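Shown next, in structure tokens, is the structure this report addresses.
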Protein chains: 2
Amino acid sequence: MPEDFVRKSGAEGLFERDLAPNAVNHVPLSPLSFLKRASLVWPEKIAVIDGRRRFPYREFALRCRRLATALSGAGLNHGEAAAVLAPNVPALLEAHYGVPLAGGVLAPINILLDAASIAFILDHAACKVLIFDRAQAEKVREVLNRLGRPIALVEIADPTAPEADSLGAPMGAIEYEDFLAAAEPMAWTLPRNEWQAIGVNYTSGTTGDPKGVVCHHRGAYLGALGNVIGFHLRPESVYLWTLPMFHCNGWTCTWAVTAAGATHVCLRKAEPGAIFAAIAEHDVTHLCGAPIVLNMIIHAPAEFRRPLASGVLVVTGGASPPSAVITGMEALGFRVLHAYGLTETYGPSVVCQWQAEWADLPEAERLARQARQGVSTPTMEDLAVIGPEGEEFPPDAARMGEIVTRGNVVMKGYLKNPEATRAAFAGGWFHTGDLGVMHPDHYVEVKDRAKDIVISGGENIASIEVEDVLYRHPAVLAAAVVARPDEIWGETPCAFVTLKEGRAANAEEILGFCRARMAHFKVPKTVVFGELPRTATGKIQKHLLRERAKHLRT
Amino acid sequence: MPEDFVRKSGAEGLFERDLAPNAVNHVPLSPLSFLKRASLVWPEKIAVIDGRRRFPYREFALRCRRLATALSGAGLNHGEAAAVLAPNVPALLEAHYGVPLAGGVLAPINILLDAASIAFILDHAACKVLIFDRAQAEKVREVLNRLGRPIALVEIADPTAPEADSLGAPMGAIEYEDFLAAAEPMAWTLPRNEWQAIGVNYTSGTTGDPKGVVCHHRGAYLGALGNVIGFHLRPESVYLWTLPMFHCNGWTCTWAVTAAGATHVCLRKAEPGAIFAAIAEHDVTHLCGAPIVLNMIIHAPAEFRRPLASGVLVVTGGASPPSAVITGMEALGFRVLHAYGLTETYGPSVVCQWQAEWADLPEAERLARQARQGVSTPTMEDLAVIGPEGEEFPPDAARMGEIVTRGNVVMKGYLKNPEATRAAFAGGWFHTGDLGVMHPDHYVEVKDRAKDIVISGGENIASIEVEDVLYRHPAVLAAAVVARPDEIWGETPCAFVTLKEGRAANAEEILGFCRARMAHFKVPKTVVFGELPRTATGKIQKHLLRERAKHLRT
């Protein structure tokens, strides 16, 4: 390795001669090193809190190392994927270390997805193992039918799951704790090189099937360090898992919190009562979530509220936080930091870095600044707004173009999709698909979405996927789905539908049709019947529908 | 580059196919990115304070970019070295960016070195440019005579220099500010690859000529991020330059402070009055220095003292801080963090990570923990104590062996000295040359330099342990223990002691103090009073004391 590595430099100068990298001075960057270090430096410090369970770093590391051995024993080979379908339980956190330690690639799956989508992912990433929460058992049964091939199964019997979630009959799969207990801890082993894949995260693509975003050890390591620095994580920090770990690996906080030697507090479900209780009980200092989570906190029933230690940092992203959300959270004693990114950039790669002088601005001005997406995170590199020819727009707050980024916290590319990878990286930038401007202070602000994504409650919904289902309804002639602004969810999918001549269908019937065919969070909240505005060439003019959706009354 | 880079992985699996690194997702790690980012994110924030001068980040970056262009114009080619011979003035800080931006290698030279040593360095590293502080002009004249070849000269007329330092007649070289002013700012350019050399730092070797430690962009980047995290540097931080930047690039704080977007406060000379004044005036939050600097602060004349904002973090290293130094600093309101490293590890690569529960220990126990060297820094990797066969010793606090490290914050090697490089990296570890033990909590403690062991009657005596006791004697200002040849015992410990002004103690009293506090075989057999010989950097020259000990009569 070292020889090849230095040869690429082509450097033959005085300061290169006899100075090739070697195993002493060049180690692959990997978040595995964070856990290895934390288990040495803070063996007795609590790493993970889960209900009544407490895992000190020594034990947390041992569990991850046992998981690695167990996965290898279950047939996971180097470079192969293991999927996890679970809420924020310790098993999913442990998989962020156990899978890569086994040389594998972690595929965290959104528990809200339907069986068809899950089966697609397991098939597409050729997953060898599926670790699932017992509450998902019924769905997993259907997934297996669709998958039509064997896969090693591990079932999590989460002690914090409510009674109802445990009702699913056990699948006969090995239980997660038994799976760990039977395995010896694997020795710490870094990846062969830092470009090795560490995970594959599926996004609801704008067209057709979800895309598998492949991320690498180097990016995971640097993204996590960027969060440690940007979010000021310290050994004393306590991080509450309100953000799903299956979203971009919890924005790399699965690794960042460990890098800081801080404490993870698992939370099976982000509900206001549980959130307030956890913050109060564990002296939480940090949490992340989409604006909807913040909204839920703000509007929590009075009986759930608890007095807060001031200064809990809430990092929000997935959508721009409305002013009311920022002020509402501040009134409760939180500090709000807005971050922006995509699965392709390991979550936040842009952050609305707080500036001391903003404190003196009139509130409306301050909130407007804080709602912008911001500047590159410390370990990302370049950020720009470009025009149709790839030209960089000046920071004039006026010229709207595509927001593009570049740096070490960008995915390897899309799995088995070189065409989409090439398109994403065209012209030497990663294309976010979002449109925006760059302000004179070099903060970018998203103005519109190039892609037809509806972001509802922090979940991405591809409008085309919903439209596909609508088109399958026998009475539907044409359909278009756009985002409708919503106080609670941020956005909800709004369907505009034209019926075939002589056919009838009401909204309830259309929605029932959808519910039977897609994950429920994707089902439109609104259906509007009528003609669709089109361009001369027949393209549906979604921008006009978005305007209409904004002004709908009901 | 990307193709070569991935080829080395040999990975042909599903998650590697069509997923080679490219210019969008793989950027060389370089501390240049820190300044590029800081100048965009905090353009108007003060980056550098120097006497009455203030450079906001925008201007600081422009100055560095001008320096790069000016250096190229002066003949500095890619991969060639530029030397700086200056105290902690902005020009030396700027050279940490301007030289690598020009593609060059920075050679910071200790201003306390004599002309012969400086000429050796300029010759050995083939320096094309020498930037020097005007106070060094007389010495530079002699250096040039010895060098016997032309070199581009740039002279710093430091406005904070006292009258006396400006007396040296100008050399006729271009003045630094004129040098900058004549150049356009160079565009930001990252190194061709992150393994490229960024600097060469000469160590005062224990034998023969100084060795040129070559460090690389990757290590500088990661070492700096390790400091940001380990020292909790934030945008609000204010860093006082008490540690010479020419010591391992100021332990990478030259880059770390910028990475955090914090403020550098330059300090031409680390004197108690200037230190207290700067802390008070600029709300300093961080400083670094050898224990001798801390001692100077503790014993500052009353008229220099100023009340301190509590919690200024002082990182100390270069020697283990005696208990009295820690408590003395704490009494003044400082927090002390002990770090350990060598030029070969970019300064601190081991840090005595504070543990919350230490606060509850009896003071003596707490101080004993804090005086240990510690654990790997966040971006370093492995740390061990090994025996003569390379075997790793268990963390038993008992078995003394060589302290060795491994990770990304280790030098490329020694310039033009493959033999020394091989020896330093033998057996897959970087050999520190220090002897120590690993405690059960995985903190290492240096017990002695490999050479500083006294072997008496077959028993190993760590001179540092004896010295520790001597330092605790109220009359002792400084102490050094070396081996004295002995017909009966082979060697015996011989103590050289400097007493505090106005204090008296005789040998018998000192030895009685020792006997009460250590195993009797470790008690010195000889005590010699007087000044201790020191290097230009203040290190006690034990080899001279060994010579003296050999020829003692009594």
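Quick note: the coordinates plus some simple rules give every number you see, no bench work behind them. Keep in mind the model is a prediction, meaning the values are calculated, not measured. In this analysis, Cβ positions are derived from the backbone assuming ideal geometry, glycine residues included, and neighbour counts consider all displayed protein chains.
Worth pointing out:
- Each residue, B:T203 and B:A309, gets one label point 7 Å from its Cα in the Cβ direction; the gap between the two is 3.7 nm.
- Candidates A:G103, A:G79, A:N506 compared by Cα position along the dipole of chain A: farthest toward the positive end lies A:N506, with charges placed on Cβ.
- Nearest 10 degrees, 0 to 90: helix B:115-124 Cα axis against chain B principal axis: 50 degrees
- Cα gyration tensor category, rounded, prolate or oblate, for segment B:240-375 with a/c compared to 1.5: oblate
- Each other copy places its own label point for A:R553 at 11.4 nm from this one, sorted shortest first, where the point lies 7 Å along the Cα-to-beta carbon line.
- Whole-Hz couplings from phi, Karplus 6.51/-1.76/1.60, listed for segment A:336-347; x for Gly and Pro: 10, 10, 9, 10, 9, x, 9, 3, 5, 10, 6, x
- Relative to the longest principal axis of the Cα atoms of chain B, the long axis of helix B:90-101 lies at roughly 60 degrees.
- Three-way shape label, segment B:106-163, alpha-carbon gyration tensor, a/c 1.5: prolate
- Summarising the strand pairing of segment B:457-550, around 75 percent of its internal DSSP beta bridges are antiparallel.
- For segment A:271-451, the ratio of Cα radius of gyration to the globular rule of thumb 2.2 N^0.38 Å stands at 1.13.
- For the pair B:E389 and B:E419, label points projected 7 Å from Cα toward Cβ lie 2.9 nm apart.
- The angle between the Cα long axis of helix B:57-73 and the longest principal axis of the Cα atoms of chain B comes to about 80 degrees, rounded to the nearest 10.
- Taking N as the residue count of segment A:453-550, its C-alpha radius of gyration divided by 2.2 N^0.38 Å amounts to 1.01.
- Spacing of the two label points (7 Å from each Cα toward its C-beta) at B:A516 and A:H299, in nm: 7.4 nm
- The protein assembly as shown gives an Rg/Rh value of 1.00, both radii derived from C-alpha positions and Rh following Kirkwood.
- Taking amide H positions as modeled 1.01 Å from N, with prolines and chain starts lacking one, the residues under 5 Å from A:R335 and 5 or more places away or on another chain are A:G311, A:V312, A:L313, A:V314.
- Derived scalar couplings ³J(HN,Hα) [segment B:234-240; Karplus, 6.51 cos²θ - 1.76 cosθ + 1.60; whole Hz; x for Gly, Pro]: 9, x, 7, 6, 10, 9, 9
- Between this copy and the others, label points of B:P485 are 9.0 nm apart in ascending order, each placed 7 angstrom from Cα in the Cβ direction.
- Amide H contacts under 5 Å for A:D434, placed H, 5+ residues apart: A:I403, A:A450
- Mean separation of Cα contacts under 8 Å, 6 or more apart, over the residue count of segment A:363-439: relative contact order %: 33 percent
- Farthest toward the positive end of the dipole of chain A, out of A:G328, A:P162, A:I298, is the Cα of A:P162, where the dipole comes from beta carbon charges about the Cα centre.
- If both residues of a DSSP beta bridge must be in chain B, then about 60% of such bridges are antiparallel.
- Distance from segment A:405-432 to segment A:124-144 (C-alpha centre basis), Å: 29 Å
- Toward the positive end of the charge dipole of segment B:457-550, with +1 on the Cβ of Lys and Arg and -1 on the Cβ of Asp and Glu, the farthest Cα among B:V523, B:W489, B:P474 is that of B:P474.
- Beta bridges assigned by DSSP with both partners in the protein assembly as shown are antiparallel in approximately 60 percent of cases.
- Legend: P(r) of chain A from all alpha carbon pair distances, 10 Å bins from 0, whole percents, reading 3, 17, 28, 28, 17, 6, 1, 0, 0.
- Taking θ as phi - 60° and the Karplus parameters 6.51, -1.76 and 1.60, the scalar couplings of segment A:311-324 work out to x, 5, 8, 10, 9, 10, x, x, 6, 6, x, x, 3, 4 Hz in sequence order, x denoting glycine and proline.
- With label points defined 7 Å past Cα in the direction of Cβ, position B:R141 shows copy-to-copy spacings of 9.5 nm, given to one decimal and shortest first.
- Peptide-level mean, for A:350-356, of C-beta atoms on other protein chains within 10 Å: 2
- Under the convention that each Lys and Arg Cβ holds +1 and each Asp and Glu Cβ holds -1, the size of the dipole of chain B around its Cα centre is about 620 debye.
- For segment B:255-397, a simple Cβ point-charge model (Lys and Arg +1, Asp and Glu -1, everything else neutral) yields a dipole of about 760 debye relative to the Cα centre.
- Long-range amide H partners of B:F529 with built H, under 5 Å: B:V497
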